[in-house]
Amino acid sequence: MLINEIKAGMVLARDIIDDNGTLLLEKGIALTEYYITRLTQLGVTNIPIFDPYAAELKKPNVIAPEVREELTLCFRSLFCKKAQDILDSSLRTMYLKQIRQTVGKVINETERNLGQIVNVQVRQPNETETDHAINVCLMSIATGLYIKLPRPVIMDLALGALFHDLGKVVMPAIDGSVVDPGRLHPVYGQQLLIKNKVGGIISRIAAEHHERYDGQGYPSGLAGKEIHPLSRLVTIANYFDNTLAAAAKTGESRSTIMINMLANANALFDMYLLRAFFHTTPLYPVGCLVRLNTNQKAYVIKNKVRFAPTPTVQIAERNTRANSQGQIIDLATRPQLTIVDVIAE
């Protein structure tokens, strides 16, 4: 939740950890005015707050929580290693086998939920490199299934999306942030994956996920069909997840983000894949709390394919965040009402 919406007495839904990995506040603690002031001073802009009504809305997940946790642990154990450790431990035998098995489960569960993909939880707030990698992986899988890619191709797509930033493990870090002045992490990622015999397409996705359709990307300046189709899809998912994470701090509206992405179709992105992506990826996930242009708060309760900016919402009562009796409004039928801000996701 945006910190300016936080009130004393609200309960933390997750631990708050700073960029150095230091625990600031534990899950389950009730916030006080002092805590809120101190977090504001530390530059924290969003705080995870427990909201029983939102939690109920978010119950449908694209994959079971235990499968997401399994994928998280597999990936984190790899991403936190140094490059030489990855090579010495033989990625293809110690890690890749387990990751492939878990990704297979993820693909199966995503396929089962594809018919309701815009109304289940796929993307989660991007707070770490692991969150980002899994978000990009899940969104890429959903779009790949939607456009009916063959199963072996979906597996390559999923692994390429999951490993797209692996090159960052060899980049120097300052204050917890990766430093890559030469924008070379795609090259290093490709080399790491090739050395571990992960597969040519998977390593190519890592190499090409910052290329642009108009040839103005990096590291090789590839253009159009010179870029592998799976790389073009991961580029879209990567950009979207990073942009939404930045918007949580800058306040940029999600509708603006979508409009800008569509305006850059065939410049930054492949237009066909971009349209398919927005058919499977909602701007406002079910359960998020938003602010309308009337200054009312509302919960998103339903999304519709091809109508990403205009979900169905339920107005929240002024003095409660657990209200299930507020007015339900289909924003697609009320063009004078728009979402201007995401308060909590």
Selection from region 61-85 of residues modelled with pLDDT of 70 or more and among the polar types (S, T, N, Q) yields 61, 72, 77
Within region 195-206, the residues that are over 20 Å from residue 222 (Cα atoms) and either open to solvent by 60 Å² or more (accessible area, probe 1.4 Å) or among the aliphatic types (A, V, I, L, M) (or both) are 195, 197, 198
Query raised in the report: For region 265-274, does any single residue satisfy the condition of being under 29 Å from residue 3 (Cβ atoms) and open to solvent by 40 Å² or more (accessible area, probe 1.4 Å)?
Result: no
Over region 201-230, the set of residues closer than 21 Å to residue 159 by Cα, of a type in the set (D, E, K, R) and not in a helix (DSSP H, G or I) is 211, 212
Exactly one of 237, 276, 247 is of a type in the set (Gly, Ala, Ser), at negative phi and modelled with pLDDT under 95, and that residue is 247
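Residues checked against (1) under 15 Å from residue 345 (Cβ atoms); (2) in contact (Cβ under 8 Å) with a residue 40 or more places away in the chain; (3) touching an Asp or Glu at 6+ places or on another chain (Cβ under 9 Å):
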site: 249; (1), (2), (3): yes, yes, no
site: 252; (1), (2), (3): yes, no, no
site: 262; (1), (2), (3): no, no, no
site: 268; (1), (2), (3): no, yes, yes
site: 282; (1), (2), (3): yes, yes, no
site: 286; (1), (2), (3): yes, yes, no
site: 296; (1), (2), (3): no, no, no
site: 303; (1), (2), (3): yes, yes, no
*Going by the conditions given, is residue 237 surrounded by fewer than 18 Cβ atoms within 10 Å (Cβ to Cβ), of a type in the set (A, V, I, L, M) and either out of contact with any Pro (no Cβ under 7 Å at 6 or more places or on another chain) or free of Cβ contacts under 8 Å to residues at least 60 places away in the same chain (or both)?*
no
Here the residues within region 134-173 that are open to solvent by less than 10 Å² (accessible area, probe 1.4 Å), of a type in the set (A, V, I, L, M, F, W, C) and either touching a His at 6+ places or on another chain (Cβ under 7 Å) or not in a helix (DSSP H, G or I) (or both) are 136, 163
Scanning region 231-288 for residues that are among the small types (Gly, Ala, Ser) and more than 23 Å from residue 158 (Cβ to Cβ) gives 246, 247, 248, 251, 253, 255, 263, 265, 267, 287
Restricting region 223-272 to residues that are under 13 Å from the mean Cα position of the chain (by Cα) and hydroxyl-bearing (Ser, Thr, Tyr), the one farthest from residue 339 (Cα to Cα) turns out to be 235
Residue hits (region 5-23; modelled with pLDDT under 85 and farther than 18 Å from residue 245 by Cβ) are 15, 20, 21, 22, 23
For residue 286, the lone unmet condition from (1) closer than 18 Å to residue 118 by Cα; (2) at pLDDT below 95; (3) touching a helix residue (DSSP H, G or I) at 6+ places or on another chain (Cβ under 9 Å) is (2)
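The values are calculated or read from the model by the stated rules, or taken from the named source; none is laboratory data. What you see is a predicted model, and the numbers here were worked out from it, not measured in a lab. Note that each Cβ is placed from the backbone with ideal geometry, even for glycine, and that neighbours are counted across all protein chains shown. We work out accessible area using only protein heavy atoms, side chains counted, and drop any ligands, DNA or RNA first. Shrake-Rupley method; radii C 1.70, N 1.55, O 1.52, S 1.80 Å.
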